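Bear in mind these aren't lab numbers, they're just calculated from the coordinates by the rules spelled out. Every value quoted in this text rests on a predicted model; they were computed, and no experiment measured them. For neighbour counting, all protein chains shown are included, and Cβ atoms are generated from backbone atoms with ideal geometry for every residue, glycine included.
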Amino acid sequence: MDTIFVNDLRVDTVIGVNDWERKSRQTVSIDLELACDCKKAAASDSIEDTLNYKLVSKRVAAFVEQSEFQLVETLAERIGGLLRDEFGCEWLRVRVNKTGALSAARDVGVVIERGERR
């Protein structure tokens, strides 16, 4: 199985449990890894035969911009569900990074993996 990836998709959203986090938008960074079979697209050289990472990125960004979750775990899970439901991804890995959430760490977040990788 091949993998299409998107790294460091930056989106402003409401995320967090503290009162101040509920009142202002923060930037999250999202990494996606999506299993697909690239053989047909490689042979045809046609975007219709692959998972279009531009469409995926735009859809995820639009979803995240509108979301107001408290936990990065919830955000990651919902992104994963969207990718499985709307794009038919059988296996995926989603990393949501909340830069600056801890003063002593560069970034914090969560990584989820869903589905079966063949």
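Quickly estimate the mean residue ellipticity at 222 nm for the chain, helices only: each DSSP H run with n ≥ 4 gives -39500 (n - 2.57), and the total goes over all residues, rounded to 500. List each step's numbers first, then the result.
Working: 4 runs with 41 residues, N = 118.
Value at 222 nm, helices only, nearest 500: -10500 deg cm²/dmol.
Got a sec to turn the phi values of the range 106-115 into Karplus ³J(HN,Hα) couplings, 6.51 cos²θ - 1.76 cosθ + 1.60 with θ = phi - 60°, whole Hz, x for Gly and Pro?
These are the phi-based 3J(HN,Hα) values: 5, 7, 9, x, 9, 10, 10, 9, 10, x Hz.
When only alpha-carbon atoms are used, what values of Rg and Dmax, in angstrom, describe the chain?
15.3, 52
Under unit Cβ charges (Lys, Arg +1; Asp, Glu -1), what dipole magnitude, rounded to 20 debye, does the chain have relative to its Cα centre?
Details: 18 positive and 21 negative charges, 41 e Å.
Dipole of the chain, to the nearest 20 debye: 200 debye.
For Cys36, which sequence-distant residues (separation of 5 or more, or a different chain) have an amide H within less than 5 Å of its own amide H, given hydrogens modelled in the peptide plane?
Asp2, Thr3, Ile4
So, in the chain, how many Lys pairs have Cα atoms under 27 Å apart, if the pair is 8 or more places apart or on different chains? Write down the numbers at each step before the final one.
On the way: Lys23/Lys58; Lys23/Lys98; Lys39/Lys54; Lys39/Lys58; Lys40/Lys54; Lys40/Lys58; Lys54/Lys98; Lys58/Lys98.
Counting lysine pairs in the chain gives 8.
Pull out the extension gain between Glu90 and Ser103, defined as 0.36 nm times the separation in residues minus the alpha carbon to alpha carbon distance; nm, one decimal.
Details: separation 13, 0.36 × 13 = 4.68 nm, distance 3.67 nm.
Length gained between Glu90 and Ser103: 1.0 nm.
May I ask for the angle, rounded to the nearest 10°, between helix 53-66 and the longest principal axis of the chain, with both axes built from Cα atoms and the value confined to 0 to 90°?
20 degrees
Please give, to one decimal in nm, the separation of the simple spin-label points placed at Asp19 and Arg114, each 7 Å out from Cα toward the Cβ.
3.4 nm
Using a 10 angstrom cutoff on alpha carbons, build the Gaussian network for the chain and name the most mobile of Leu82, Leu32, Leu102.
Leu102
For Ala101, which sequence-distant residues (separation of 5 or more, or a different chain) have an amide H within less than 5 Å of its own amide H, given hydrogens modelled in the peptide plane?
Amide H to amide H, under 5 Å and 5 or more residues apart or across chains, Ala101 pairs with Val108.
If exposed means no more than 15 neighbouring beta carbons inside 10 Å and the site is in a DSSP loop, what's the longest run of the chain without any exposed GluC sites (Glu not before Pro)?
Numbers: sites that count: Glu90, Glu116.
Here the longest segment lacking exposed loop sites spans 1-89.
Springs between alpha-carbon atoms under 10 Å, Gaussian network over the chain: tell me which of Ala62, Ala43, Ala35 tops the mean-square fluctuations.
Of the options given, Ala43 has the highest mean-square fluctuation.
Among residues other than Ala35 whose Cβ falls under 15 Å from its Cβ, what is the net charge (Lys/Arg +1, Asp/Glu -1)? Could you put the intermediate results ahead of the total?
Values: positive: Lys39, Lys40, Arg84, Arg93, Arg114, Arg117, Arg118; negative: Asp2, Asp31, Glu33, Asp37, Glu90, Glu113, Glu116.
Net local charge, Ala35 excluded: 0.
From the phi angles alone, apply the Karplus equation (6.51, -1.76, 1.60; θ = phi - 60°) to the range 32-42 and give each ³J(HN,Hα) in whole Hz, x where the residue is Gly or Pro.
Once rounded to whole Hz, the list reads 10, 10, 10, 6, 7, 9, 8, 4, 4, 5, 5.
Of Leu83, Asn52, Val64, which is farthest on the positive side of the dipole of the range 41-111, counting Cα position, with +1 on Lys and Arg Cβ, -1 on Asp and Glu Cβ, and the Cα centre as origin?
With unit charges placed on the Cβ atoms, the residue in question is Val64.
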